[in-house]
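Report on the following structure.
FYI, it's all coordinate maths here, none of it is from the lab. Fair warning: this is a prediction, and the values are worked out from it, not measured in the lab. Cβ coordinates were reconstructed from backbone atoms using ideal geometry, including for glycine residues, and neighbour counts include every protein chain displayed.
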Amino acid sequence: MTNLAKQLLITSLILFVVFFTNVGFGAAKLGEFLGDVPQMLLLLASVCLFVVGILQCEKHSKSLEDAERDQN
């Protein structure tokens, strides 16, 4: 896994934790700190970063497989 992929996945996790915390506060009637639209945008950003991070992992894995195949 590359540095970029790790950073993307960690950032995605942090954004999702913020989203989940906001939903939890709303469900417990403790008051939400984000409205509907910012909450949606936060989830969208989290999902997009996750997808890009996974694609980076796949790209790195494929390049390692190709390099191994070329050596044999």
* What fraction of the Cα pairs in the chain, stated in percent, has a spacing above 17 angstrom? -> 54 percent
* Asked: Taking the Cα centre of each part, how many Å lie between the range 52-71 and the range 1-26?
  -> 24 Å
* Asked: Across the range 17-23, in residue order, what do the Karplus-derived ³J(HN,Hα) couplings come to in whole Hz, using 6.51 cos²θ - 1.76 cosθ + 1.60 with θ = phi - 60° and x for Gly and Pro?
  -> 5, 4, 4, 5, 4, 4, 5
* **Inter-label distance, nm, simple model (7 Å from Cα along the C-beta direction), Asp66/Val52** => 2.2 nm
* What nm value, rounded to one decimal, do you get for the distance between Ala27 and Met1 when each label is placed 7 Å out toward the C-beta? -> 2.6 nm
* How large is ³J(HN,Hα) for each residue in the range 52-63, as worked out from phi by the Karplus curve 6.51 cos²θ - 1.76 cosθ + 1.60 (θ = phi - 60°), to whole Hz, x for Gly and Pro? -> 5, x, 5, 5, 5, 4, 5, 4, 5, 4, 5, 5
* Asked: Could you work out the helix-only [θ] at 222 nm for the chain, with each DSSP H run of four or more residues adding -39,500 (n - 2.57) and the total divided by the number of residues, to the nearest 500 deg cm²/dmol?
  -> -30500 deg cm²/dmol
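Which whole-number percent gives the relative contact order of the chain, counting Cα pairs below 8 Å spaced six or more residues apart? It would help to have the intermediate numbers written out before the result.
Numbers: 51 pairs, mean separation 36.2, N = 72.
Averaging sequence separation for qualifying contacts and normalising by length gives 50 percent for the chain.
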